[in-house]
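Encoded as C-alpha cells, the structure appears first; notes follow it.
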Amino acid sequence: MTGGTGLLYDPLFEEHDLPGHPERAARLQRIVAELVNAGVWQRLRPVTPQPVGLPLLERVHDPDYIERVRETSARGGGYLDADTYLVSRSFDAAMLAAGGTAELTRNVLNGSLRNGIALVRPPGHHAERRRGMGFCLFNNIAVAAWAALDECGLQRVLIFDWDVHHGNGTQEIFYGSPKVLFISTHQYPHYPGTGDWREAGAGAGSGYTVNLPVPTGTGDAGFSRLFGEVVTPLADRFQPELILVSAGYDGHWRDPLAGLHLSLAGYWQLAAGTVSLAERLCGGRLVIILEGGYDLSVLAHGVADACRALLGDAEPGEDPIGVSTWPEPSLERLMAGIRTKHRL
C-alpha cells in the first residue's frame, strides 16, 4: 500500500503511570515488546508527535477543565475521580497523546501515510468536554476528528468504538453533529452506564449516534453480525472520508474488567473488516487509536494483529489464548430496535 502504515508512539506515554492501577505503563511496554518480537514494529513508519495546540484542544474540552488537569499534574498528581489518576508527567503525556493522534491523522489525510495506529496513553474516549473519567484525561479521538474537520476540510468522519465500555465522552462531544457518525459496540449495562440504543443524537446530529449495547457473554459471532448487519450498511450510507477507531481490547473473554467473550480471532475480524471498509469507502484512510484492554497478553497480540491488518497482511498472528467455549446470548431484541431506529 502506498504511503505505508504510520506508528504514533513516544516514551513519554509511559511516564503517566501508577503501579497497581489497571491503566498503567506496563500495557504499552508489553505492546511494544510484542511488536518488536513479532517483526511488526520494523514494518511501521514512525510519526513524531507534538503536543496539541490549545485552540484545537479547546474545540474538545472546556478551558477550565484543561487548566484543572494542568494544575493537578503540576502539583505532583491526584485524582479526577475514584478511577482516574494524574502524576507529575500526566498533563504532558496527555497533551502529546492528543497532539500526536491529530498529527498522525493529518499525515493520513495529506497522503504521506496510507493509514496508521496511535499507541497512546492516557486513553481518551470517556473524557467529556468538562471532565475526565474512566482512566481518560483528554479525548484523543475527538481531537483527531476535529483536526480532520476544521483543518483538513472534511465533512464526514466515521468513529467506530469497539472498546468494551461505551465511549460516552466521544458521544457527548459529537451528539449534535451530522459530520461525525459515531458507532459504539459495548457491554451493557456496564460502566459508565450510558449507551442505550435509543441514544441516537440530537438536533442536526439526530441519527448520527449509533449505540450497539450488547449483553454479557457476546462474542465473535455476535460482533460479526453487528459489523455485517449494522456497521457496514451505516458506513455505506454515510460515505465517510475518514474512519477513526477507538480500539479497546477489554472485550476479550479473558479481560479482568469486563464480561464479553471476543477472542483474538474476533478482534482480527473487526480490524480486517474495518480496513476493508476504509479501502472501499475512503481510499484506505483509517487511524486506529488505543483505548482499553487489561489482560496484557491479549492486548499485545490484539494490537499486533491490528497492525498486520493495517499493513495489508492476509492472516493474523498466532493466538496463544484461544476462544471462549461459552454460548452467546441472543441479539434479536437489540437488532430489532436498531433496525427500526436507524431504518436498516
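On the given criteria, is Trp253 aromatic (Phe, Trp, Tyr) and under 25 Å from Asp313 (Cβ atoms)? Full working, then the answer.
Values: aromatic (Phe, Trp, Tyr): yes; under 25 Å from Asp313 (Cβ atoms): yes.
In short, yes.
Here Cys307 meets each of (1) over 24 Å from Arg24 (Cβ atoms); (2) hydrophobic (A, V, I, L, M, F, W, C); (3) outside any loop (DSSP other than H, G, I, E, B) with one exception, condition (1). Please find, within region 22-43, the residue that is nearest to Arg114 (Cα to Cα) out of those that are touching a residue at least 60 places away in the same chain (Cβ under 8 Å), within 19 Å of the chain's Cα centre (by Cα) and not in a helix (DSSP H, G or I). The extreme case among them is Glu23. Every condition in (1) assigned to a strand (DSSP E or B); (2) surrounded by fewer than 20 Cβ atoms within 10 Å (Cβ to Cβ) holds for Ala82 except the one numbered (1).
Set side by side, the residues Thr218, Thr274 differ, and just one is of a type in the set (S, T, N, Q), closer than 13 Å to Gly116 by Cα and buried (at least 24 other Cβ atoms within 10 Å of the Cβ), which is Thr274.
For Thr105, the test of being part of a helix (DSSP H, G or I), among the β-branched types (Val, Ile, Thr) and under 24 Å from Glu15 (Cα atoms) is passed. Give just the number: which of (1) in contact with a strand residue (DSSP E or B) (Cβ under 9 Å, 6 or more places away or on another chain); (2) hydroxyl-bearing (Ser, Thr, Tyr); (3) touching a residue at least 40 places away in the same chain (Cβ under 8 Å) does Tyr208 not satisfy? Going through the list (1) in contact with a strand residue (DSSP E or B) (Cβ under 9 Å, 6 or more places away or on another chain); (2) hydroxyl-bearing (Ser, Thr, Tyr); (3) touching a residue at least 40 places away in the same chain (Cβ under 8 Å), Tyr208 breaks only (3).
The single condition from (1) surrounded by fewer than 22 Cβ atoms within 10 Å (Cβ to Cβ); (2) farther than 25 Å from Ala26 by Cβ; (3) touching a residue at least 40 places away in the same chain (Cβ under 8 Å) that Arg254 fails is (2). Pro49 - would you say it is within 19 Å of the chain's Cα centre (by Cα) and either surrounded by 18 or more Cβ atoms within 10 Å (Cβ to Cβ) or in a helix (DSSP H, G or I) (or both)? Yes; evaluated as a whole, the condition is true for this residue.
With respect to (1) closer than 30 Å to Gly77 by Cβ; (2) surrounded by fewer than 24 Cβ atoms within 10 Å (Cβ to Cβ); (3) not hydroxyl-bearing (Ser, Thr, Tyr), the lone exception for Ile141 is condition (2).
Here, each number is a calculation from the coordinates, and none is a lab measurement. Just so you know, these numbers come straight off a predicted model, no measurement behind them. Positions of Cβ are generated from backbone atoms using ideal geometry, with glycine treated the same way; all protein chains shown enter the neighbour counts.
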